[in-house]
């Protein structure tokens, strides 16, 4: 019923949000006489803020049309390589026809985006930074409310199956990067591929800010998952999709509840950010205004998670710790990271990460003890929080160059 109430509220707010947007333009458009009144800037800013607080945020687009490769601009087209019920595998194809014919091939990289509330476009900066020197694939997860019930359930084990299928498609000699949540299913997928001697086993796996072992320096997120029972999560945050969506009656963890949780973790930060936005509108500081809008257009756009996948994650990853304890079985096959030998491992953590605590990702090294020490590496990014690991200046200047160097050191594409 809560989901239905949220939908009614959203429909009630839509007209008010549209009215606030129109009123803001009346007090800011230079062709409007009201824009020259005494308090026009403050009124325009107030209505614009009201509009953005009440509007519905749709899934953003990547919008990457071109990148510079070896000093030459190359057009980019994101193509659907594989379409599954709950995910699309995107291939960011670059037009390299203007480059020299003998140029070595770039490493093929699968970036596994998190299925944890936000759309894959949250990794736009990740994609844009890696594209100039990598042949890039990305998982674009589907909003569960848009998947008809006839497509069946989606479990954490299915997530692992998807990763294996996508790596098989990208082909032998590729590399995989997992950001936050997918570090667990990606490590499971590579473990199974190693046990099966899959020829598409990646050469490297880069794991960034993920919950490999949440018993190390547990955060508020980890503590909540441990403190509450699985039945509490099932009865408190799982709801059925309303009839206005294709996934009618599918059980999900709704995006609007996840968004409320994100905001509740740092309410002061978000309140200050919106206050600064209001002041920037009054001052006419368009660069800061645009930066705020870009961030919150992405941050406020959320998706629903399949309930069975969400509950599996709570139980297997956060409560029972099956991966680090070696008790996780998928389709009867034990997930054994110790059997990985021919895949180089790079783990990355943010010093200030308040979602995946320090040491949780680095725990992968203890599990992957079959990988030679020379093929392992760890980086703690000083002064970096969770989102800074894969987005922003420190990601572009400090982290991504080291990932590129690590991949190149273990690549044979050229």
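For residue 166, state whether it is at pLDDT 95 or above and either part of a loop (DSSP other than H, G, I, E, B) or under 30 Å from residue 244 (Cβ atoms) (or both). So that I can check it myself, show each step before the final result.
On the way: at pLDDT 95 or above: yes; either part of a loop (DSSP other than H, G, I, E, B) or under 30 Å from residue 244 (Cβ atoms) (or both): no.
So residue 166 does not fit the description; no.
Within the range 341-362, work out how many residues are within 19 Å of residue 322 (Cα to Cα) and surrounded by fewer than 24 Cβ atoms within 10 Å (Cβ to Cβ). Don't jump to the end; show me each part of the working.
Restricting attention to the range 341-362, the residues satisfying the condition of being within 19 Å of residue 322 (Cα to Cα) are 356-357, 359-362.
Narrowing the set further to residues that are surrounded by fewer than 24 Cβ atoms within 10 Å (Cβ to Cβ) leaves 357, 359, 362.
Number of matching residues: 3.
Of 186, 252, which residue is assigned to a helix (DSSP H, G or I), touching a helix residue (DSSP H, G or I) at 6+ places or on another chain (Cβ under 6 Å), touching a residue at least 40 places away in the same chain (Cβ under 8 Å) and surrounded by 14 or more Cβ atoms within 10 Å (Cβ to Cβ)?
Values: 252 fails: assigned to a helix (DSSP H, G or I).
Result of the check over 186, 252: 186.
Determine whether the range 288-307 contains at least one residue that is surrounded by 14 or more Cβ atoms within 10 Å (Cβ to Cβ) and more than 23 Å from the chain's Cα centre (by Cα).
Taking every residue of the range 288-307 in turn, at least one turns out to be surrounded by 14 or more Cβ atoms within 10 Å (Cβ to Cβ) and more than 23 Å from the chain's Cα centre (by Cα).
Return yes or no: is residue 50 outside the structural domain of residue 147 (by TED's automatic domain parsing) and farther than 30 Å from residue 148 by Cβ? Steps first, please.
Working: outside the structural domain of residue 147 (by TED's automatic domain parsing): yes; farther than 30 Å from residue 148 by Cβ: yes.
Yes.
Residues of the range 16-62 being exposed (fewer than 13 other Cβ atoms within 10 Å of the Cβ), farther than 19 Å from residue 280 by Cβ and over 31 Å from the mean Cα position of the chain (by Cα), which ones?
Selection gives 22, 31, 33, 36, 37, 38.
Counting only residues that are modelled with pLDDT of 95 or more and in contact with a strand residue (DSSP E or B) (Cβ under 9 Å, 6 or more places away or on another chain), give me the helices (runs of 4 or more DSSP H) lying completely in the range 304-377 with at least 2 of them.
Numbers: elements: 307-313, 322-325, 363-367.
Because the criterion is at least 2 residues that are modelled with pLDDT of 95 or more and in contact with a strand residue (DSSP E or B) (Cβ under 9 Å, 6 or more places away or on another chain), the helices (runs of 4 or more DSSP H) in the range 304-377 that meet it are 307-313, 363-367.
Which of the residues that make up the range 205-224 are crowded, with 24+ Cβ neighbours inside 10 Å and not in a loop (DSSP other than H, G, I, E, B)?
Selection gives 205, 206, 207, 208.
Please give the number of the condition residue 390 fails out of (1) farther than 23 Å from residue 266 by Cα; (2) touching a helix residue (DSSP H, G or I) at 6+ places or on another chain (Cβ under 6 Å).
That leaves (1) as the condition not met.
Scan the range 392-410 and give yes if some residue there is within 19 Å of residue 221 (Cβ to Cβ), at pLDDT below 95 and in the same structural domain as residue 215 (by TED's automatic domain parsing), otherwise no. Let's see the steps before the verdict.
Start the filter on the range 392-410 by keeping residues that are within 19 Å of residue 221 (Cβ to Cβ), which leaves none.
Within the range 392-410, none of the residues are within 19 Å of residue 221 (Cβ to Cβ), at pLDDT below 95 and in the same structural domain as residue 215 (by TED's automatic domain parsing).
The values are calculated or read from the model by the stated rules, or taken from the named source; none is laboratory data. Quick caveat, the model's predicted, so the values are computed rather than measured. Glycine gets a Cβ as well: all are built from the backbone with ideal geometry, and neighbour counts include every protein chain shown.
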